[in-house]
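In what follows, a single structure is set out as structure tokens and then discussed.
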Amino acid sequence: MSTQDSSLGRKERNVQLLERLAVPVNPNLPRVESDAEARFRDPKEAAKRAIVLYFVISVAHEADRETALTWLKDEGLWDAVSPKEKPSSRVIIQPRKKSWRQRGG
């Protein structure tokens with residue numbers, strides 16, 4: 001089976017699963033990578049990223065930034081924080097400002 005055949009098969013299986021779950025699917029999406037091309041994260045790496053993203057979202061929703069940063073460092077998760085998520089990047093782990101919709105205006 002060629003790489004393209006494998007990737008089309010994976011896409012079809014994904015579409016079938018989503019349809020069984022009643023999830024709308026855009027039929028114009030490109031093929032996904034083949035089984036040979038796919039890179040799956042180590043479960044521990046995925047768990048670390050999930051925890052980091054939970055803290056990123058928490059800070060965006062007004063959790064204490066310094067407490068979150070300290071906890072991530074104390075728990076040995078700082079290496080799982082991407083450069084864009086670190087405070088020096090000014091992209092994230094910064095509290096977000098509320099829009100007029102969130103203030104009830």
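Couple of notes before you dig in:
- The set of residues in region 26-37 that are exposed (fewer than 14 other Cβ atoms within 10 Å of the Cβ) and either assigned to a helix (DSSP H, G or I) or of a type in the set (A, V, I, L, M, F, W, C) (or both) comprises Leu29, Ala36.
- Qualifying residue in region 38-50 (condition: in contact (Cβ under 8 Å) with a residue 24 or more places away in the chain, loosely packed, with under 13 Cβ neighbours inside 10 Å and part of a helix (DSSP H, G or I)): yes
- When Glu85 is tested against (1) part of a helix (DSSP H, G or I); (2) surrounded by 15 or more Cβ atoms within 10 Å (Cβ to Cβ), only condition (1) is not met.
Just so you know, all these numbers are worked out from the coordinates, no wet-lab data involved. As the structure is a prediction and not an experimental result, all values here were calculated from the model. In this analysis, Cβ positions are derived from the backbone assuming ideal geometry, glycine residues included, and neighbour counts consider all displayed protein chains.
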